[in-house]
Amino acid sequence: FSVTEAGWVHFSHLLCDKSSIASIHASNHKIKYLGPQRLPKGVGDLMKLNAHKNKWEVSREKILRYHFQHSSNMQEFFNISLEVLPHALSWLGRDCYWKGRENTGRTPLYQFLRSHPSLFESK
């Protein structure tokens, strides 16, 4: 069968709805093989992510890659309560244990920390 470009766009949206963190988390993290056909790069990248056994890590990786890839989305962390902030930052910078993968959480963590120098000022 042949899939149109519009079809691949819709399928990519199914694998990773980038409209919000909740939408990314609710996206499909299980489909990992569509047969021997050549996949568009974006769909192929998402399928490679889905191949990982730990689906919580797949969801985290998609959120880090597709939601926090732009520093403007760091606004999500600006209004987090001080009780939750350490847990959110830990989640953001946690090491990724995928073979051959860099830790995609470190750049957003760095961006957040640079934008909040007051967290490190002594009183």
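The values are calculated or read from the model by the stated rules, or taken from the named source; none is laboratory data. Everything numeric in this text was worked out from a predicted model, so none of it was measured. These accessible areas exclude ligands, DNA and RNA; they are computed on the full protein's heavy atoms, side chains included. Shrake-Rupley method; radii C 1.70, N 1.55, O 1.52, S 1.80 Å.
When the chain is fully extended, how far beyond the present Cα-Cα distance does Ala51 get from His10, taking 0.36 nm per residue of separation?
Numbers: separation 41, 0.36 × 41 = 14.76 nm, distance 1.98 nm.
That works out to 12.8 nm of additional length.
When the Kirkwood radius is taken over all Cα pairs of region 4-76, what Stokes-Einstein diffusion coefficient follows at 10 °C and 1.306 mPa s, in µm²/s? Spell out each step's value before the answer.
Numbers: Rh = 12.6 Å.
So the translational diffusion coefficient is about 126 µm²/s.
So, with a 1.4 angstrom probe, what is the percent of accessible area on the chain that is carbon and sulfur? Mind showing how you got there, number by number?
On the way: 4740 of 8310 Å².
Carbon and sulfur: 57 percent of the exposed surface of the chain.
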